[in-house]
Amino acid sequence: MAVGPPDRVDCARLAAAAETLTRVYPLDDLPRLRDLLAETGGRLQASYAFGKTPDGGAGVTLAIESTPMLRCQRCLEPFALPVVARSEIEFAADEAAAASEGSEREPYVLTGGLASLRDLAEEELLLALPVAPACSAPETCGRAPSYRDGSAFAPAAPETVRPFSALQDLLKKP
């Protein structure tokens, strides 16, 4: 079996060499994403452009593209949501260094000087997904109720409940 490119990389070395990498991940290989998907098929394409940040640290510009199948929260039908996102990440050796940096880039704490490319791409996709996915406008959404004619808001016929009606009959008897 052929061994693919490594997932955990030395970010400082890649930034010093200004490397550019592209990876494609099957969506069903991303564990934090599985529960959000209506169907596990599909892929996530990620492009990494490593380089030095203005203050001399290691950083990466991450761009992702994917079309995951999500479940609409209105009609509960699956739908494809095209996602394109880009972010700039600055690597830090520890939590204290990540908290102290005044950079506009997102901090990412390295583990032993290494970062998982798959984890970076998965996190970027998770951040790009909506909290409550919806397939389209409420008027055209799958089986969602129609709000135009007001039928979804028609009140039910009020039912009068009289809990002591039987007591009234008992009081009438001699």
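Does residue 158 satisfy the condition of being of a type outside the set (D, E, K, R), at pLDDT 65 or above, over 28 Å from residue 42 (Cβ atoms) and surrounded by 10 or more Cβ atoms within 10 Å (Cβ to Cβ)? No: the conditions fail for residue 158.
Within the set 86, 118, the sole residue that is modelled with pLDDT of 90 or more, over 12 Å from the mean Cα position of the chain (by Cα) and within 13 Å of residue 33 (Cβ to Cβ) turns out to be 118.
Only strands (runs of 3 or more DSSP E) wholly contained in segment 15-129 count here; list those with 2 or more residues that are touching a residue at least 60 places away in the same chain (Cβ under 8 Å).
20-26, 43-52, 58-66, 69-71, 114-116
From 136, 100, 146, grab the single residue that is within 21 Å of the chain's Cα centre (by Cα) and either at pLDDT 90 or above or surrounded by fewer than 17 Cβ atoms within 10 Å (Cβ to Cβ) (or both). So the residue among 136, 100, 146 that is within 21 Å of the chain's Cα centre (by Cα) and either at pLDDT 90 or above or surrounded by fewer than 17 Cβ atoms within 10 Å (Cβ to Cβ) (or both) is 136.
Identify, from the list 76, 70, the residue that is closer than 15 Å to residue 38 by Cα, at pLDDT 80 or above and touching a Leu at 6+ places or on another chain (Cβ under 6 Å).
70
The values are calculated or read from the model by the stated rules, or taken from the named source; none is laboratory data. What you are looking at is a predicted structure, and each value in this text was computed from that prediction instead of being measured. Glycine gets a Cβ as well: all are built from the backbone with ideal geometry, and neighbour counts include every protein chain shown.
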